[in-house]
Amino acid sequence: MAKAVFLAHKPHLLTAYPPDSRQEIASLWEIAGEDIEGEKWRDSVASLQDAEAIFSTWGMPRLDADFLAAAPRLKAVFYGAGSVKGFVTEEAQKRDLIVCSSWQANAIPVAEYSLATILLSMKRFWHHMRKSPAEKHSDHNMPCPGNFRSKVGLVSLGAIGRDVARRLKSFELKVLAHDPFFPAEKAADLGVELVSLETIFSDCDVVSLHLPWLPSTEGMINRNLISSMKEGATLINTARGAVISEPDLCEVLQERPDLTAILDVTHPEPPLADSPLRVLPNVLITPHIAGSRSGEIARMGQWMIDESRRYLKNEPLHYQVPLDKLESLA
């Protein structure tokens, strides 16, 4: 039986791989030693020396030359979390390691959060929530888009954006999307109309951001776009805070109290103590909760258990990360 180790920040390991998951792994792999705290891996070199695979999650150490020398038999890393950019190195790429990630599993709760937030935004829920009881009743007849033939704009059709689009097909909403790299025929299958970024912001009642944080996307959502939004529109960000120009966002929200921003991510996190985002009444911040939490994290671990089973059977892998294209990934 091939040997494997658990290696990451220990509290995260316990969440990603709870007891029933560990029993399943033990039926597939011989576990070498105890759980290894990621940054203290040098204390457990004996376990690493014989390991063919690592089961990990948040807290995975960098696969640098020292680490790889301590794990000479390592062939595969099953990462029950998202992006692998924090630990994959040139040395790992040269070693031709198999690295698999559960980033697509992490897309599921983000899409669920986005769907719920979009539907509530169409009812102007956030606007009414911040009003006093008396004001709520006086606002009862104010215009709101509602969830019939209103327009939702999705910025980027990566794994999360596509999942949101699929979920929105159950509702009588018109879904627009901006993604210059997404094929038109696939967009039609999703029930999505591809349009310009400017059209997304000017025409949609709700705009939901799903683009990756790359040098080309940093600050992409700027004053011109935000200020062009419809009366009473809502901007939702579950992507990365840096894709929005925060100074521009704050300025427009001060000028346009009719707009609402729902921010599950900011840059930095949390916002600086003097950031207007902390006090603007038309901003609602959640502490990066859209991604996997608690039991949802165990789903990411389960995906890696299933992937390891395919690995052992020499079957095609579903979630292997193309390390040669790492720079273009989120």
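The values are calculated or read from the model by the stated rules, or taken from the named source; none is laboratory data. This is a predicted model, so every value here is computed, not measured. Quick reminder, even Gly has a Cβ in these numbers, built from the backbone with ideal geometry, and neighbours come from all protein chains shown. Just the protein is used for accessible areas: all its heavy atoms, side chains included, with ligands, DNA and RNA removed. Shrake-Rupley method; radii C 1.70, N 1.55, O 1.52, S 1.80 Å.
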| field | Enumeration of residues in the stretch 172-198 that are open to solvent by 40 Å² or more (accessible area, probe 1.4 Å) and part of a helix (DSSP H, G or I) | value | ALA184, GLU185, LYS186, ALA188, ASP189, GLU198
| request: Tell me which of these ALA71 doesn't satisfy, since it passes every other one: (1) farther than 23 Å from TRP303 by Cα; (2) under 28 Å from the mean Cα position of the chain (by Cα); (3) of a type outside the set (D, E, K, R). | output: (2)
| query | Is it the case that the stretch 5-25 has a residue that's more than 17 Å from VAL99 (Cα to Cα), of a type in the set (A, V, I, L, M) and either more than 28 Å from the chain's Cα centre (by Cα) or open to solvent by 40 Å² or more (accessible area, probe 1.4 Å) (or both)? | reply | yes
| task | Check whether at least one residue in the stretch 102-116 is modelled with pLDDT under 95, among the polar types (S, T, N, Q) and in a helix (DSSP H, G or I), and report yes or no. | result | yes
| query | How about the stretch 50-91: which of its residues are part of a helix (DSSP H, G or I) and modelled with pLDDT of 95 or more? | reply | ALA65, ASP66, PHE67, LEU68, ALA69, ALA70
| remark: Apart from one, (1) open to solvent by 10 Å² or more (accessible area, probe 1.4 Å); (2) on the phi < 0 side of the Ramachandran plot; (3) more than 17 Å from the chain's Cα centre (by Cα); (4) not small (Gly, Ala, Ser) all hold for ILE160; the odd one out is (3)
| note | Taking the stretch 241-269 and keeping residues part of a loop (DSSP other than H, G, I, E, B), hydroxyl-bearing (Ser, Thr, Tyr) and open to solvent by less than 20 Å² (accessible area, probe 1.4 Å) leaves THR266
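Quick check, is GLY161 in contact (Cβ under 8 Å) with a residue 24 or more places away in the chain, assigned to a loop (DSSP other than H, G, I, E, B) and in contact with a strand residue (DSSP E or B) (Cβ under 8 Å, 6 or more places away or on another chain)?
The answer is no for GLY161.
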| task | Being of a type in the set (S, T, N, Q) and surrounded by fewer than 15 Cβ atoms within 10 Å (Cβ to Cβ) is the filter here, so list the residues in the stretch 26-48 that pass it. | result | SER27
| task | State the number of residues belonging to the stretch 276-318 that are aliphatic (A, V, I, L, M), assigned to a loop (DSSP other than H, G, I, E, B) and under 21 Å from the mean Cα position of the chain (by Cα). | result | 2
| message | All but one of (1) open to solvent by 10 Å² or more (accessible area, probe 1.4 Å); (2) among the polar types (S, T, N, Q); (3) under 30 Å from LEU74 (Cα atoms); (4) modelled with pLDDT of 95 or more hold for SER294; state the number of the condition that does not hold. | response | (4)
| request: Just give me the residues in the stretch 226-242 being β-branched (Val, Ile, Thr) and more than 17 Å from THR117 (Cβ to Cβ), in sequence order. | output: ILE226
| When you go through (1) out of contact with any strand residue (DSSP E or B) (no Cβ under 9 Å at 6 or more places or on another chain); (2) closer than 22 Å to LEU323 by Cα; (3) not β-branched (Val, Ile, Thr) one by one for PRO18, which number turns out not to apply? | (2)
